[in-house]
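Below: one structure, written as structure tokens.
The values are calculated or read from the model by the stated rules, or taken from the named source; none is laboratory data. Since the model is a prediction, treat every value here as computed from it, not as a measurement. Don't worry about glycine lacking a Cβ; one is built from the backbone with ideal geometry, like all the others, and counts go over all protein chains shown.
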Ligand code: F6P
């Protein structure tokens, strides 16, 4: 493979706390090895529209503690087309970029895979999404901060639930994955957790709630993943409220507060390790792989594998949640 001199870096898809720590690590690790780094703003959109500038070490000072992404991010429909990717590649060549680090979720890594298949550019992915739904890595950047944010919000909601004897349905993010819901639910002692990976018919939920109230529970928290098959939190809450007029049912959708804020120590450290590992991987002639962390060790997972496989939910944790919520 040709010697790498100039590396491009971008963030793509939903922002996640810790992305800045990853950009910093990619930049400084590359500079440490004598490479030049080019920041591509607004993800693939910026690659197509030539929003590419060199980043020096001082440009990434004082960003490790900041949420969002200094490079900005976007979801680009144009990049989903062969023509869009060809245009993007032309801009990479014009800027003499000979390798790419893509920080993002499965859509972003799919884009990187297609780009490297169609054009001669080695790409390495860094898992950055609050959803933690990428196969081949235990954690994705942003997940730890997001579950802590969600947990703190649920703690506050529980105060009201308990004071008014209310049943709250709290919807958390996760597109079509229940990882945020499961951890938030366990950490906040939720009465039930509804996730897309396991169907919980509303009838079963009603029986479960009835039993809880018989055992003198006076309030409750149900965590609903946004991708839950029975519908969103409002839909499920309505079904339950129809049958149980005595329940004072409320719904809270946590939404984008889960994506913002200063990253946790765990996210900052993990992002630093993964960003640095991406440069190591490129210098080691690797391409079309995502760097990940499994059992606290850096791993390299082919794009094809991480994109095409579904990360399994931890069944033991799910069972534990059910037992502890009786
Ligand atoms: O992938 C991260 C995520 O926050 C999902 O949990 C959510 O479904 C989606 O992004 C929301 O995207 P947007 O901010 O574009 O509405």
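Data for the structure
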| quantity | calculated |
| --- | --- |
| So residue 308, is it more than 19 Å from the chain's Cα centre (by Cα), more than 22 Å from residue 232 (Cα to Cα) and at pLDDT 95 or above | no |
| Options 125, 111; residue that is within 16 Å of the ligand (Cβ to nearest atom), part of a helix (DSSP H, G or I), in the same structural domain as residue 72 (by TED's automatic domain parsing) and touching a helix residue (DSSP H, G or I) at 6+ places or on another chain (Cβ under 9 Å) | 111 |
| All positions within the range 143-160 that are in contact with a strand residue (DSSP E or B) (Cβ under 6 Å, 6 or more places away or on another chain) and under 18 Å from residue 67 (Cα atoms) | 150 |
| Which listed residue, of 212, 220, is touching a residue at least 40 places away in the same chain (Cβ under 8 Å), crowded, with 21+ Cβ neighbours inside 10 Å, farther than 23 Å from residue 15 by Cβ and not assigned by TED's automatic domain parsing to the domain that holds residue 129 | 220 |
| Matching strands (runs of 3 or more DSSP E) fully within the range 221-321 where at least 1 residues are within 16 Å of the ligand (Cβ to nearest atom), closer than 19 Å to residue 157 by Cβ and touching a strand residue (DSSP E or B) at 6+ places or on another chain (Cβ under 6 Å) | 248-253 |
| Near pairs, Cβ below 8 angstrom, 6+ apart or cross-chain, from the range 235-246 (in the same structural domain as residue 200 (by TED's automatic domain parsing)) to any residue that is loosely packed, with under 14 Cβ neighbours inside 10 Å | 244/210 |
| Yes/no for residue 39 being within 26 Å of residue 270 (Cα to Cα), in contact (Cβ under 8 Å) with a residue 40 or more places away in the chain and buried (at least 17 other Cβ atoms within 10 Å of the Cβ) | no |
| Conditions (1) out of contact with any strand residue (DSSP E or B) (no Cβ under 7 Å at 6 or more places or on another chain); (2) closer than 15 Å to residue 274 by Cβ; (3) within 16 Å of the ligand (Cβ to nearest atom): number failed by residue 64 | (3) |
| Residue match in the range 160-172 (condition: closer than 24 Å to residue 292 by Cβ and either within 13 Å of the chain's Cα centre (by Cα) or away from the ligand (no atom under 15 Å from the Cβ) (or both)) | yes |
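Matching residues to (1) within 25 Å of the chain's Cα centre (by Cα); (2) under 22 Å from residue 225 (Cα atoms); (3) within 16 Å of the ligand (Cβ to nearest atom):
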{"residue": "91", "(1), (2), (3)": "no, no, no"}
{"residue": "100", "(1), (2), (3)": "yes, no, no"}
{"residue": "105", "(1), (2), (3)": "yes, yes, yes"}
{"residue": "116", "(1), (2), (3)": "yes, no, no"}
{"residue": "131", "(1), (2), (3)": "yes, yes, yes"}
{"residue": "135", "(1), (2), (3)": "yes, yes, yes"}
{"residue": "138", "(1), (2), (3)": "yes, yes, no"}
